[in-house]
Each structure stands twice: as C-alpha cells, then as structure tokens.
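Structure first, commentary second.
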Amino acid sequence: MDARRRQTLEETTRWDPGAVEQRVFERWMEGGWFHPPAEGRAAENYSIAIPPPNVTGALHMGHALNGSVQDALIRLNRMRGRNTLWTLGTDHAGIGTQAVVEKELAGEGISRQEIGREAFTERVWAWREQYGSTIIEQYKRLGASCDYERERFTLDDGYVRAVYRVFAELYRKGWIYRDNYMVNWDPGLHSAISDLEIENREVTDTLYEIAYPLEDGGELVVATVRPETMLADTAVAVNPSDERYRDVVGKHATLPLVGRRLPVIADEHVDPEFGTGALKITPGHDPNDFEIGRKHDLSEISVIGEDGLISDEAPERFGGMSADQAREAVVTELRGEDLIRNEEPYTHSVPFSHRSGERIEPLISLQWFCRMDEMAKGAIDAVNDGRVRFIPHDPHTRVYLDWMERIRPWCISRQLWWGHRLPVWYRGDETYVGEQPPDGEGWEQESDVLDTWFSSALWPFATLGWPDTDAPELKAFFPTDTMVTARDIIFLWVARMIMTSLEFTGEVPFTDVYVHSIIQAPDGRRMSKSLGTGIDPLEEMDRHGADALRFGLLAMSSAQDVRFSEARVQQGRDLANKMWNASRLVLMEARDDVDPGPRSARVEDRWIASRLQRAVRSVSESIEAYDFSHAALDLYDFFWSELCDWYLEIVKPRLYDGDEDASATLLWALEQVLALAHPLMPFVTEEIYSYLPKPQAEALVIHPFPEADDGLIDEAAEKEIGRAIGLTRALRRWRDLAGVPVKQVLAARTDDSRPHELVARLARVEFSEDGGQPIASVAGVELLETEGVDPEAVATRIEERREKLRAEVQRGEGKLSNEGFVDKAPASVVDAEREKLAAYRAELEELGG
RNA sequence: GGGCGCGUAGCUCAGCGGGAGAGCGCUCCCCUCACACGGGAGAGGUCGUUGGUUCGAUCCCAACCGCGCCCACCA
C-alpha cells in the first residue's frame, strides 16, 4: 500500500459516502462490467428488464426499493459468473409527459392547441432531450448496475417497430377492432382511459325519485343520482319477477321534460329491493344501462359530449350547460312539474380518473379496443403450470388468475398527442392497418395514440431487438429471469407482458415475479408529493449514503407494505461505518505478506471460519428466496456481533503481535464478507476491497460470490468459543450488578477445564490457583475477594440469581412431570428440557440451593 | 357486495406449535490505541378480545372488536 493510501486509511475514521460513491461508480463504468457481451444462451445467462421509469420521473422511494432489489439480484448473479444484463430504459408515459410539457407551455401562456400537434410533439422531444436523463443519473446514484450503454426508450425507432408489428398482427387476428362503445371518459384529460386507470371513491350524492307518467295513466317512479342523464333515457326497466309492475311491462311511459316515449321493459339486472324497483335506462351514459340497451336493442342517445357539456341531442334549453348545471336545471323543472317524489342523501362509489382526478363521465365513443380473452388463456396456463411464478405465491397468484379469468376488452386508444400514433390510415370509407403507411394518395393517419401500457407490455423483448428474432441480445437474454415490481401494476403491466410475450415470442417473458413492499410514509399514509408525505431518496442518500439507503430499504421491506423507517437507514449507515472501521483495523494491522485463508491451528480461527460459513449460507439463501430483509439483518448480525464484537476483540493481541494465522484468517474473512455484502451495499464494500493487499479479483463487482464450505463448519469450535463468550458475558453482568468498576481486575479461580484466554482478558479477571476467599460463584468461576467489591451488592445479586433458578427448576419439573408432555412431545424436545433442568439444578446447588 | 391482509416491547417491524426477537428509543457504566454513526450491562410484552383443538398455542380453528388494501355494472 502506498503511503498516501495508508494515510487516508489512518485518518478517515468515519465512512464518508459522499466523497467516495461517485468515484467508485465511475470505476465500475470504466471497467465495462455492466455491459455484458450478447453471447451465450438465455437459459444460462441472467437478465432483468427494469420496470421503465417515466421520462418525466424523479427517483422516488418506490424506485429506490425496486432498484435496490434488482441490483442485489443482478450483482449476485454477476459475481456468480453468469453473463448478466440489467436492461435499462424509460417509458414515454403518454399522459404524464404530455401534462408536464403542457404545464410548461401554460407558464408561457400558450396552449398546445395553439401551436398544433407537430410543434407540440417537437417540444416534448426537446423536453426529453433536456430532462430525460435525470432519472437515469439518479439510478446511478443508487449504484444500480444497469447496462447504461443499452438504454432504451419506448419511442425509439426500433421500439416503435415492435409496437406497430404487434398492433398490425392483433388487427389481422381480429382481436384489435374499432367500435362505438361505452368508455370511461376523462373530462380532464379529454380522452378515454382504461378500466385499470380509474379508482372508485365514496361520494355522497342525492338520490332522487322521479315520477315518469304512464301513457295509460298512473306513473312509474324511478330512482337516480344523476337526473341530468334522464334527458338521454330510452326505456324504463323493472325486474320480470316483480309483481308490482307485472302489468306495466310492455307499455310506455313518457319522459318528463323531453316527451319521448319510453318502453317499459323487463330485465333481470333490476333489483326490486332498491329504490322503487324501477330503473331508468340511459344507454348513452351508464355502463349497466349500456349493456341492457344493447340486449334490448334500445337506441343510444348521448346528451353529454366529450367536452362535458350538454349536446344538442337534449332539449335546446339545456344545450351548452355543464353536467352539473344541467342537473340543477333538470331538478328545478321537475320540481316545478311536481314530479319529484323523494330525495335523500346516498353514499356510493363513483369512478374517478387516476390521472386527472376528475369524475369519470361514462359515454359512448368511437375507440379502438383489444380483445384479451384469447391471450389470457396462455397467460393463465403459464402461471398454473409454474412457468411463471409469483413470489410471494399468496395472494398474488390467486388475484392474478381471478383477474385473468374475468378479463375484458381493453380500450387502447387515447385522445392525446404524445405517444405511438396508431398504425391506422383512413381514406374515405377505407381503413388500412399496417406497419408502414399505405401507398397511394390521400391517406390520413389515425390521430389517436396508444395507451402507454400497450407499448410497455412489450418491454422485455422489444428492448432486446424484437421483432428481429435474430437480434443477438434477444438470443442471449430473452426470456429474462426475474421481474421485480410492486403489486399496483400487476394487472396494468405484468399480466400484459406475459400475454404479449407468449403470443409473439412463444415464451414467458420471465420466470419469477417478485412482488415487493410498497413503502408508506412513516405515519402510514401513502407517500405522495401532493400529500406532502413523500421522503426523497436522494436526500436520504445525501445524508447517509446510497449503501445506507439500500440496506435500510431492504431491511424494512417484507411481504407486507411497510412504513418508511429512518432508523433502518441509519442502521445501514452505521453498518457501513462499522465495515469501514473494522476494515481499517485489519488493513492497518494485518501482515500483508501472508496468503489470506482460513487457518485451523487455533480454535477462535476455526470458530470465525465456521460462523462465516453459516452467515454465507443464510444470506445467500435469503437472497435466493427474495427475502432481502433477513439477508440484510443476518449480514448485520454476523458482521457486527460475531466478526467485530467477538472475533476482532479476541484476535487483537495476536494481530498486534504480527501473528501470521491471525492475519491470514482475518484478511480472508474480510474478503469473503465484503463479497457477501456487496450485492446489498456495493459502494463501501468495493472501496474497502481496493485496499486489500492480495485481492482475488480486479474489483469486487466481479469477485466470486462466496459459497458456504461445509468443510469449514466446526461444531466443536463453535461450542467452545460459544461457552467462553457465555462465561465472559456472565462475568461482565456480575461485575456490572456488583458495581465493580471496569478498570478493576477481579481475582478469580476455576477448577473447570481452563477457560479460553479471551475470558480473562475480555471480562477483566485474573485466574490464579491460590488467592483469597471466594465471595461469589458465576457459572463455574469463583470470584475471590477483591478490594473495592461491595459484599452487600454481591449478596443481593446472588439471591436474585437463585430466585430465578428456583423458578426455572420449578417450571422444568412441572413440565417433565406432565405425562402428556413426556409421552407425546418429540424425544429431542423432552431431552432438551431434561438437560436444561439438570443445568439449572447444578447451578442452583452451586449457589447454595 | 365479494376477496385478501394486518393488530407482538414506547415506535417501526421479524417470528408463526415446544421456554418472546431486532433496530431505534429508554436506564446505568465507559471518550479502553478500528469505530461515540462506538464499547459494556440492563429495564421493558397476560403476542387485539373471547371461545375451541392440543400434552402444550403468539403460532392452528371459530366468532367478535379495531385498522388497511384489492376487486365489483345495482340506479
């Protein structure tokens, strides 16, 4: 080690991530280790396609956890020697991106309509050029070892080709079609949106009961929360089994305010228990009524247009009103005609747009749809036969299958400007669908764009070169291995990837779907910018470092949603600091002329080698089982408690003496544990690794991942050191309770097999054959009278211990005298109980009963 | 209206059939030559309630009480 490096080591008593992380990351990039060659077969290679963040995005806590998990998996597999690719890219995110740029324009006092479609999309591209890499840089901060040289974007030329291919194929199959159908109209976005983009909220409306006069006299009273839609009524329905209305079915009512003749029809859908048992049917503005209307061949009238205003299909006096104004006007008129029979508050769930937050206006619109049922079949099979598995299996498998089995057509067209314009061209009555524009004059391309999720659905293979089936990346890395995501996009995205992948490549896109926690705000609310509950991962990294954030997020995550815990991040920060400082000790004091490796001459060396194997096993197994929380915490425990608190303290004297075995064992254990920790905490481990005198690899990022060696497991050593540790702790406890100062060395005597040297040193006792009177006995050790020891405190302490032992003995005796226990419990459990009882009895006797 | 999950130490969470665990916080003692983002020693839970199954239940079953989520076309 050169003098300057050594000086850094000596002077830096605190791990300072800010100074180091960027430099370490640059070194990884220069090494080219994140950019694998497109070689080998997908079955032997390892790959993950990142859930593409929105180009407009900034790294939030969800990305940070999602990225930490994927990076741990990627680094683990890379270290295991597999050709490993983590595909990176961004999503054009139609609605979100368009909204951002529109807002920017609005700041300049311009609307997108003023500058027109072409200029607007140019503006979005320019925006993307300028800001699109922000989130990519933030992933680098986190340490994400993505292949930054293969960055993809859902609007790249090659990607667009994939989207158009898929659209055209599905059209040819007849699964994509255009129809006038009831859609979820988002008045804020001025576009249709899919079923998955709405959320239902509880709303209290007024439920009006309105009398519709019957032609033959009398009236039929219907209940509605949306009186304004009555302007588009085309029938009244009752349940066929409803005795009350038996006679009116087939007759006609007159629609108040409009005068239209409405047939009274019978339909099972009507609930006789609800309201009056009579339902006004408005096929143009209610999804249920739409279904009923199609069944009974009713006409579909639209009185609310896409602009949210009352159209000229309604009586002229309502024309141009907003729906809300129309409601008021309709109710006022009905009151005037004395047709309102009842009104009461009514709480029900109402659809709102996820994107704009506005109340959805169901209306009939000419849109493009995609039939999903055929594709769903294969995607159901793939999960049922285990080609794709969800982790955790429950409840995601069931939820996925339930949704798939009831899947409905997907409205894929959006009335936006930013996105994949549909590969559809019109000329007069002609429609052309294809990957290339049609020949000939006068064709005009469809102005709608595709739902962003339509292109996202192709992500795992479109990013690798599909539809070019000979693309080397596709051959080497598709199918991918693992999809890491949160459950909120399982339907929106994961399910659709499985469907399109099976349809177009014949393969599942990935074999494992790991569904991780959603991180909530510390108070349990959703983390969101608008609520002000968000915690910025970048700030966390500024404060504590990327390793700390990664450790914290992994440690706090589980199968459940969890509240963000700053304490866990600090635990990670503390661990990084501990790693740095423990390593400083080793690197500054160990001999650098030894060959690192486990040495077996001394029991404590065999002990740490053995404990390390167990840690390697538990951490590896936890990561393999996607149990990152236990992986992180087990690593912490081993490093902190066993390696630092015990082993380092035990070997310090040997280390200072230049003992060869101690140096060799420590350097080896350090290298192993750095490798073990690297997938979770890449920066601090890589930096320390650069100081190792004889590293195995050029860099830790490509160092072999440790494998547990059963040959190094040493039960006897574990038992012996375990006993010594137990004795040390017992002596320390006694000292503390008896109030003996730390500096006071206690005289002690034992006729037990000689305790390990560490006990005397770490418990600060001095064993001798002779010496004074015993004043206490602790776990087989007699403590002798020493100056400064308070006999009264000692007596109290002993009595407390006896008390506890008596209780334990009583408990054990009770249990063992229970015939049910002795007969039916497993022998090992009973034996263990007997041994414990014997030990307690012996200790109690020693203390005088 | 269906389905799912959660209620364990003051806080955030593990554990899920054989004597209750972690981190933070708290108390006491230590600035001991890797680390005060440190070291040592502790205190603190009738494991939501009530029944049941079992030799034995925080863990399995049932009901109830409190939260939360997802799905759903009853105005």
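The values are calculated or read from the model by the stated rules, or taken from the named source; none is laboratory data. What you are looking at is a predicted structure, and each value in this text was computed from that prediction instead of being measured. Methodologically, a virtual Cβ is constructed for each residue, glycine included, from the backbone with ideal geometry; neighbour enumeration extends over all protein chains shown. Surface areas here come from the heavy atoms of the whole protein model, side chains and all, with no ligands, DNA or RNA. Shrake-Rupley method; radii C 1.70, N 1.55, O 1.52, S 1.80 Å.
In this structure, does A:R387 turn out to be open to solvent by 20 Å² or more (accessible area, probe 1.4 Å), within 26 Å of A:D481 (Cβ to Cβ) and not in a helix (DSSP H, G or I)? Let's see the steps before the verdict.
On the way: open to solvent by 20 Å² or more (accessible area, probe 1.4 Å): yes; within 26 Å of A:D481 (Cβ to Cβ): yes; not in a helix (DSSP H, G or I): yes.
Judged against the criteria, A:R387 is a match.
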Give the residues of the range A:348-398 that are over 20 Å from A:F454 (Cα atoms) and of a type in the set (K, R), sorted by residue number. A:R359, A:R387, A:R389, A:R398
Could you tell me how many of the residues in the range A:309-328 are under 25 Å from A:E202 (Cα atoms) and crowded, with 17+ Cβ neighbours inside 10 Å? 4
Apart from one, (1) more than 22 Å from A:D242 (Cβ to Cβ); (2) outside any helix (DSSP H, G or I); (3) within 16 Å of RNA strand B (Cβ to nearest atom) all hold for A:S302; the odd one out is (3)
Touching a helix residue (DSSP H, G or I) at 6+ places or on another chain (Cβ under 6 Å) and within 16 Å of RNA strand B (Cβ to nearest atom), is that true of A:H348? no
Could you list, in sequence order, all residues of the range A:330-377 that are over 44 Å from the mean Cα position of the chain (by Cα) and without any contact (Cβ under 8 Å) to a residue 60 or more places away in the chain? A:T332, A:R335, A:G336, A:D338
Do we have any residue at all in the range A:522-530 that's under 25 Å from A:A631 (Cα atoms), within 21 Å of the chain's Cα centre (by Cα) and at pLDDT 95 or above? no
Taking only the range A:648-668 into account, find how many residues are within 16 Å of RNA strand B (Cβ to nearest atom), of a type in the set (G, A, S) and assigned to a helix (DSSP H, G or I). 2
Can you pull out the residues in the range A:420-437 that are open to solvent by less than 50 Å² (accessible area, probe 1.4 Å) and either within 21 Å of A:E118 (Cα to Cα) or in a strand (DSSP E or B) (or both)? A:H420, A:L422, A:P423, A:V424, A:W425, A:Y426, A:V433
Of everything in the range A:280-298 that's open to solvent by less than 70 Å² (accessible area, probe 1.4 Å) and in a loop (DSSP other than H, G, I, E, B), which residue is nearest to RNA strand B (Cβ to nearest atom)? A:D286
Within the set of pairs 6 or more residues apart or between chains, which connect a residue that is closer than 21 Å to A:E337 by Cβ and within 15 Å of RNA strand B (Cβ to nearest atom) inside the range A:257-279 to a residue that is among the basic types (K, R) and open to solvent by 50 Å² or more (accessible area, probe 1.4 Å) with Cβ atoms less than 6 Å apart? A:V264/A:K251
Can you give me the number of residues within the range A:721-735 that are near RNA strand B (Cβ under 7 Å from one of its atoms) and modelled with pLDDT under 90? 1
Residue in the range A:215-228 that is farthest from A:R327 (Cα to Cα), counting only those that are open to solvent by less than 10 Å² (accessible area, probe 1.4 Å) and within 11 Å of RNA strand B (Cβ to nearest atom): A:V222
Does the range A:602-619 contain any residue that is more than 20 Å from A:A631 (Cβ to Cβ) and open to solvent by 60 Å² or more (accessible area, probe 1.4 Å)? yes
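A quick yes/no check of all residues on (1) assigned to a helix (DSSP H, G or I); (2) more than 15 Å from RNA strand B (Cβ to nearest atom); (3) within 25 Å of the chain's Cα centre (by Cα):
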position	(1), (2), (3)
A:L575	yes, no, yes
A:K578	yes, no, no
A:D593	no, yes, no
A:D605	yes, yes, no
A:R614	yes, yes, no
A:H630	yes, no, yes
A:L670	yes, no, no
Output the number of the condition that A:A825 fails; it satisfies all remaining conditions of (1) at pLDDT below 85; (2) small (G, A, S); (3) surrounded by fewer than 16 Cβ atoms within 10 Å (Cβ to Cβ). (1)
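Can you say whether A:R591 is open to solvent by 20 Å² or more (accessible area, probe 1.4 Å) and modelled with pLDDT under 95, as far as the supplied structure shows?
Working: open to solvent by 20 Å² or more (accessible area, probe 1.4 Å): yes; modelled with pLDDT under 95: yes.
Against the criterion (open to solvent by 20 Å² or more (accessible area, probe 1.4 Å) and modelled with pLDDT under 95), A:R591 qualifies.
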Every residue from the range A:351-384 that is open to solvent by 80 Å² or more (accessible area, probe 1.4 Å) and either in contact with a Cys (Cβ under 7 Å, 6 or more places away or on another chain) or within 14 Å of RNA strand B (Cβ to nearest atom) (or both): A:H354
Pairs returned, first residue in the range A:520-536 that is open to solvent by 90 Å² or more (accessible area, probe 1.4 Å), second residue that is modelled with pLDDT of 85 or more, beta-carbon separation under 6 angstrom, 6 or more apart or interchain, are A:R525/A:T533
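Among the residues that make up the range A:108-128, is at least one of them farther than 16 Å from A:A58 by Cα, within 25 Å of the chain's Cα centre (by Cα) and in contact (Cβ under 8 Å) with a residue 60 or more places away in the chain?
Of all residues in the range A:108-128, those farther than 16 Å from A:A58 by Cα come to A:108-126.
Next cut, within 25 Å of the chain's Cα centre (by Cα) only: none.
Checking the range A:108-128: not a single residue is farther than 16 Å from A:A58 by Cα, within 25 Å of the chain's Cα centre (by Cα) and in contact (Cβ under 8 Å) with a residue 60 or more places away in the chain.
Can you say whether A:R23 is touching a residue at least 60 places away in the same chain (Cβ under 8 Å), among the basic types (K, R) and surrounded by fewer than 21 Cβ atoms within 10 Å (Cβ to Cβ), as far as the supplied structure shows? Spell out the reasoning first.
Working: touching a residue at least 60 places away in the same chain (Cβ under 8 Å): no; among the basic types (K, R): yes; surrounded by fewer than 21 Cβ atoms within 10 Å (Cβ to Cβ): yes.
Here the answer is no, as A:R23 does not meet what is asked.
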Only one of A:K694, A:K743 is over 23 Å from A:A664 (Cβ atoms), open to solvent by 40 Å² or more (accessible area, probe 1.4 Å) and in a loop (DSSP other than H, G, I, E, B), namely A:K743
Among the residues of the range A:36-49, is any modelled with pLDDT of 95 or more and within 16 Å of RNA strand B (Cβ to nearest atom)? no
If you go through the range A:492-509 one residue at a time, do you hit one that is at pLDDT 95 or above, open to solvent by less than 60 Å² (accessible area, probe 1.4 Å), in contact with a His (Cβ under 8 Å, 6 or more places away or on another chain) and away from RNA strand B (no atom under 13 Å from the Cβ)? no
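Would you mind finding the one in A:Y208, A:Y212, A:Y245 that is among the aromatic types (F, W, Y), more than 10 Å from RNA strand B (Cβ to nearest atom), surrounded by 21 or more Cβ atoms within 10 Å (Cβ to Cβ) and within 24 Å of A:P315 (Cα to Cα)?
On the way: A:Y208 fails: more than 10 Å from RNA strand B (Cβ to nearest atom); A:Y245 fails: within 24 Å of A:P315 (Cα to Cα).
Criteria check complete, one pass: A:Y212.
Could you tell me whether A:D714 is surrounded by fewer than 23 Cβ atoms within 10 Å (Cβ to Cβ), of a type outside the set (G, A, S) and within 16 Å of RNA strand B (Cβ to nearest atom)?
Values: surrounded by fewer than 23 Cβ atoms within 10 Å (Cβ to Cβ): yes; of a type outside the set (G, A, S): yes; within 16 Å of RNA strand B (Cβ to nearest atom): no.
So A:D714 fails the test.
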Residue list for the range A:266-311, restricted to those being aromatic (F, W, Y) and over 21 Å from A:V183 (Cβ atoms): A:F274
Would you be able to say whether some residue in the range A:798-805 is within 16 Å of RNA strand B (Cβ to nearest atom) and touching a helix residue (DSSP H, G or I) at 6+ places or on another chain (Cβ under 7 Å)? yes
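Among the residues in the range A:836-845, are any touching a residue at least 40 places away in the same chain (Cβ under 8 Å), surrounded by 17 or more Cβ atoms within 10 Å (Cβ to Cβ) and under 27 Å from A:P755 (Cβ atoms)? Spell out how you get there, then give the answer.
Step one: filter the range A:836-845 for residues touching a residue at least 40 places away in the same chain (Cβ under 8 Å), giving A:843-844.
Then keep just the ones that are surrounded by 17 or more Cβ atoms within 10 Å (Cβ to Cβ); that gives A:843-844.
Next, from what is left, pick out any that are under 27 Å from A:P755 (Cβ atoms): A:843-844.
Taking every residue of the range A:836-845 in turn, at least one turns out to be touching a residue at least 40 places away in the same chain (Cβ under 8 Å), surrounded by 17 or more Cβ atoms within 10 Å (Cβ to Cβ) and under 27 Å from A:P755 (Cβ atoms).
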